[in-house]
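The values are calculated or read from the model by the stated rules, or taken from the named source; none is laboratory data. What you see is a predicted model, and the numbers here were worked out from it, not measured in a lab. For neighbour counting, all protein chains shown are included, and Cβ atoms are generated from backbone atoms with ideal geometry for every residue, glycine included. Accessible surface is based on the protein model in full, side chains and every heavy atom, while ligands, DNA and RNA are left aside. Shrake-Rupley method; radii C 1.70, N 1.55, O 1.52, S 1.80 Å.
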Amino acid sequence: MSGAPAGTTGPGSRAPSVSNGPPSAGIHMPPQQQQMQAQSNVPQPVANQGGSGSQQNLNQIVLEYLSKKGYNRTEAMLRKESASQDAEGRPNTDRAEDMGGEMYQRGFDLLKNWIEDNLDIYKSELRRLLWPVFVYSLLNLASDFYVKDCEKFYESNQSQFSREHELDLRALSVIKSPEHVHSSNIAKLYRDNKYRISLSHMAFFNLIQFLESKDKEGGSVVLRVLQAHLNLVSVDRSAVGGERSLAALLAQGSDVEELPAEDEGIPGHNPGSANTSLNAPKVLTKLNLGKMPMEAELMEDVRGDLQDEDMKNPPKPHQSSLVEEFERQIKQEPNEDAPNRDDIPLPPSLARDVALEVQKVKENRDRFKIEGRTGGKGPGLSITMFTFHNTFDKINCIDFSGDTLLVAAGMAESYIRIWTLDGSALPVVPHQQSSNSRRLIGHSGPVFQVSFSPGIESPAGSDGPNTTSRFLLSCSEDKTVRLWSLDTWSCLVAYRSHTGPVWDVKWGPQGHYFLTGSNDRTARLWSTEHIEPLRLFVGHDSDVDVVTFHPNGAYVFTASNDKTVRMWDISRGTCVRMYTGHTGNITAIEASPNGQLVASADDMGSIHLWDLHKGRRLKHLRGHGKGGIWSLSFSVESTVLVSGGADCTVRVWHVTDEKTDPAIAASMKSETNTGVKPEGSGSDSLLSPYIPSGSAMGGSGTGKKGKGKDVAVSPEQIDCFPTKSSPVYEVSFTRMNLVLAGSAFMP
Amino acid sequence: RPRDARLVHAVLAALGVTAYADRVPLQLMDFAYRYTASILSDGVQLTSDGYTGVALQALRLAIASRLQYQFTAPLAKEFLLELAAERNRVALPRVERGWGVRLPGEKYCFTGTGWGV
């Protein structure tokens, strides 16, 4: 500033002296002129020292001279007015805001260091602050034209977020200037919405106190970011729920992978609630999760048939009779929880439905019962794995029919091929040879999902109505959904309404409605009788990847690439639940048969179990490798979950309610320490010379560390069945608790 | 390796994509060739002044002519929400008693006979 030019001209030439009279002229003289005057009046000492001394000595020299000469007021003035400069003559920046682009780095470092030095119980919730502060600081830097600082800030801080926010980081890495901020989707998303984080009271007060006390060192910068862009909710610790309670935090190990809280993020919402406005009430919509009540006539007919059945084949001593089984099932449902039958119109029941129900009761009674933990070992589950060879990676999806007779595979070459699982010949169609497989040609784009209509194996040698699947639904990239008849082996209807590739189609449990999810961000509910969709489920911000029905048929679930799972009411079309917390794209979703849980899996290898009534996450199961978990299935009792994924494994998990969890967790810990391998995992081997060669996987490989990676496997995993190199496309529990799995061999 | 294949690998690496199946660069090249070839051939046909070469205006027309059905962006969420509100207001239709296969009206199905007339 003023020191510099005076200093440079000092030694060489005389600065033009300002002849304004003697130096003791008033205080109003600017220090610059004073300095130059003083300089020109003190030639010798300045000239000697000017060469070696630099700007910083100048002030000292002048001050000494002034004090020597006795110009006290001048000296005081000089001191005062040069207090805002440091020795170099540059402005003294003791406030962070004056540092320009660096202030955000200072603020961020301040926050980070404080959090790391903080108490452990506050650390996990305070760490969640770092990501939004990072994003908003970056966006502010970019929009304020600090390009270099922006790059530096990104480089130095991005590594700590790469595990959880990899995709977002990549999108943010290109944002460096105001134009980028205006045109980037993620920048717009973050800037237009407030990021919600909840902190317990103590942590919140601590944070604010700290930031205010360190106001100058960057605290004010962070505070400004928090005020402008974050929605900090201060909650009572006990209300936050199980994961944040003190007991849980103290019990947690230090390297547990941290997940975002369920109400964090954009849009923040009360956990489980679908209402994303800022003043959303904390009450969740009431759900009717009970079984759909049967029609009275149907019940009578079924009871009658069951009695006949009992008389024909009386139950063995250890079995209950079919009628008892049926009565027990009916008694289990509390009435208030059942959905209203008038809200969801269903076709009146026919003889086929009676036969179906009778068969269901029979299979339920004769099933392989999985009840709780069987003495320290897992249940002896049977998994029959069907591997498709010579597929050339063209198989997109696999589905098994309800009577376990047929398997359908949708191909990338736009056709569907159906095989019989036991190699027997399919019913003859004119002009075609007898064979065990048939092609269904009609789509004009790769087929992404096939789904058999609900059916069950017909009782052997009966003359009653056929209860096997009659229809197949398939959806493809050509935006249509096609209904195929399995009697005529031809396409019956093409349902057109979606404006983008349809990723998933599923039948409802009663076989009348079906649901599709598509790239156009909507899910649509159809009935086979109507060519137009009946319901439109709009709400996702990205394409709807997977859909499924709730077992009572009154609710549906959709999941999307925006990392949320939503639950919709069919009769009204409204979203009743929204679950956030996934960190990767969701690739599979399944509702439990008891109607209380839904499980969703993503491509980072984690499976989340959500409670429907309370709207919270129950469990987080880790162990699968990255690449996507393609299929989930619950056992009949809803206590065992099986999953198959792109890491070529089928894994079996234990799912219990929270009440019994601590006890079981304790016993499970001791069990895995002694390395007990569950036995009795027998399996059937089915060898056939045709394409679907069933190679049975019966090995039991308990993996404590999943393949030596740094991801620890959850203790809920009972078994892991690896295949050689066949990603598993479909796993499904039959009603008898046998697991069918389908995979395609990729050499 | 051909230059185009190397280019596609380089583009994927620059975007940070490191794990992809072997046929992905081939699929991308396929698509790139198909798209540019069809646009250019359309452009050649649409050029009115001079029958060889492609005019800039013709190119623009060729690209615009495909925007209706290709690379359509998803509709705006507010618009979709309005549509959904309207559609979801209608109660689910009652189901009449029927036997056999439940299908929409005959004109919407493929159940007709091809008379080959």
Subset of the range A:519-563 (residues that are away from chain B (no Cβ under 11 Å) and polar (S, T, N, Q)): A:548, A:552, A:558, A:560, A:561
Conditions (1) facing chain A (nearest Cβ under 7 Å); (2) in contact with an Asp or Glu (Cβ under 9 Å, 6 or more places away or on another chain); number of the one not met by residue B:112: (1)
Hey, residue A:441 in contact (Cβ under 8 Å) with a residue 24 or more places away in the chain and farther than 16 Å from residue A:396 by Cα or not: no
Yes/no for residue A:371 being crowded, with 17+ Cβ neighbours inside 10 Å, among the acidic types (Asp, Glu) and either over 30 Å from residue A:716 (Cβ atoms) or at pLDDT below 90 (or both): no
Condition check for residue B:57: open to solvent by 100 Å² or more (accessible area, probe 1.4 Å) and not β-branched (Val, Ile, Thr): yes
Any chance residue A:336 is away from every other protein chain (no Cβ under 14 Å) and either hydrophobic (A, V, I, L, M, F, W, C) or under 28 Å from residue A:286 (Cβ atoms) (or both): yes
Verdict on residue A:129 being closer than 19 Å to residue A:219 by Cβ, modelled with pLDDT of 80 or more and either of a type in the set (Gly, Ala, Ser) or open to solvent by less than 10 Å² (accessible area, probe 1.4 Å) (or both): yes
Test: residue B:51 is more than 24 Å from the chain's Cα centre (by Cα), more than 8 Å from chain A (Cβ to nearest Cβ) and among the aromatic types (Phe, Trp, Tyr): yes
Helices (runs of 4 or more DSSP H) wholly inside the range A:241-332 that include at least 1 residues being modelled with pLDDT of 85 or more: A:296-312, A:322-332
Members of the range A:167-185 that are among the aliphatic types (A, V, I, L, M) and surrounded by fewer than 16 Cβ atoms within 10 Å (Cβ to Cβ): A:167, A:171, A:174
Residue identified as in contact with an Asp or Glu (Cβ under 9 Å, 6 or more places away or on another chain), open to solvent by 70 Å² or more (accessible area, probe 1.4 Å) and under 23 Å from residue A:210 (Cα atoms) among A:102, A:116: A:102
Residue count for the range A:487-502, restricted to those that are in a loop (DSSP other than H, G, I, E, B) and either basic (Lys, Arg) or in contact with a Pro (Cβ under 9 Å, 6 or more places away or on another chain) (or both): 7
Scan of the range B:84-102 for residues that are under 30 Å from residue A:465 (Cβ atoms) and either out of contact with any Pro (no Cβ under 6 Å at 6 or more places or on another chain) or more than 7 Å from chain A (Cβ to nearest Cβ) (or both), ordered by number: B:93, B:96, B:98, B:99, B:100, B:101, B:102
Scope the range A:458-485; condition under 37 Å from the mean Cα position of the chain (by Cα) and among the hydrophobic types (A, V, I, L, M, F, W, C); matching residues: A:471, A:472, A:473, A:475, A:481, A:483, A:484
Candidate set from the range A:473-485 (those that are part of a loop (DSSP other than H, G, I, E, B) and more than 11 Å from chain B (Cβ to nearest Cβ)); member that is nearest to residue B:105 (Cα to Cα): A:478
Selection count, the range A:459-479, where residues are farther than 30 Å from residue A:445 by Cα, of a type in the set (A, V, I, L, M, F, W, C) and touching a residue at least 12 places away in the same chain (Cβ under 8 Å): 0
Leading residue by the ranking (nearest to the chain's Cα centre (by Cα)) among those in the range A:434-457 that are closer than 13 Å to residue A:419 by Cα and surrounded by fewer than 22 Cβ atoms within 10 Å (Cβ to Cβ): A:439
Qualifying residues in the range A:503-512 (those that are in a strand (DSSP E or B) and out of contact with any Gly (no Cβ under 7 Å at 6 or more places or on another chain)) - the one nearest to the other protein chains (Cβ to nearest Cβ): A:507
Pick from the range A:491-519, criterion open to solvent by 30 Å² or more (accessible area, probe 1.4 Å) and under 25 Å from residue A:353 (Cβ atoms), ranking: farthest from the chain's Cα centre (by Cα): A:510
Count of the range B:70-83 residues which are more than 10 Å from chain A (Cβ to nearest Cβ) and of a type in the set (Phe, Trp, Tyr): 1
